[in-house]
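**Q** The following block contains the structure, expressed as structure tokens.
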Amino acid sequence: MRITSRLMVAALIAGSLAMSGCAYNSSSADVYTASQAQREETVRMGVVDSVRAVKISSNNGQPSGLGAIGGGALGAVAGSAIGGGRGSIVTGIIGGLAGAVAGNAVENGVAVHDGLEITVRLDNGDMRAITQSATGEIFRAGERVRLLSSGGVTRVTH
């Protein structure tokens, strides 16, 4: 395989990985799916008891493998371009392994985003804890908030 062909393959793999990273599964109070729009929600009022910063993993801690496969392919292509003959085979294998480890780490890093765990004391005295993406909306203890619930999904808003 010529170097230009290898670079084209590497570019295609990198592009497809970049596009797969664009799929965003949000747990933000500000983002509704099409099926959630125009649906009635139950509204409960309460007071924020506490707020805690958390991390939310959009892949549930289970990488898809695309990062490792893509990183391994890119690493193998890049590594095999170094040296000649048997040397390029060895560097291709080493590059593939290193790329797979790096690609997996990148995929896991991209899948984690900032969130908030908001504990609310409802007007009836019940306590509820809701975890949602951090959107810049600030919640403070003692603040009055609304809990919007529908289909098993609850959001905290002002």
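The values are calculated or read from the model by the stated rules, or taken from the named source; none is laboratory data. Quantities reported herein were computed from a predicted structural model and do not represent experimental measurements. Using ideal geometry, Cβ is built from the backbone for each residue, glycine included, and neighbour counts are taken over all protein chains shown.
**Q** Just checking, does the range 8-24 include any residue being surrounded by 12 or more Cβ atoms within 10 Å (Cβ to Cβ), under 22 Å from A134 (Cβ atoms) and modelled with pLDDT under 60?
**A** Within the range 8-24 (the criterion being surrounded by 12 or more Cβ atoms within 10 Å (Cβ to Cβ), under 22 Å from A134 (Cβ atoms) and modelled with pLDDT under 60), the answer is yes, since at least one residue qualifies.
**Q** Restricting attention to the range 98-153, which residues are at pLDDT 90 or above, β-branched (V, I, T), over 20 Å from Q36 (Cβ atoms) and surrounded by 15 or more Cβ atoms within 10 Å (Cβ to Cβ)?
**A** Result: T119, V120.
**Q** May I ask you to list the residues in the range 36-57 that are at pLDDT 70 or above and either in a loop (DSSP other than H, G, I, E, B) or basic (K, R) (or both)? Talk me through it step by step, then tell me what you get.
**A** If we filter the range 36-57 for residues that are at pLDDT 70 or above, which is where we start, we get 36-37, 39-57.
Those that are at pLDDT 70 or above and either in a loop (DSSP other than H, G, I, E, B) or basic (K, R) (or both): Q36, A37, R39, E40, E41, R44, R52, K55.
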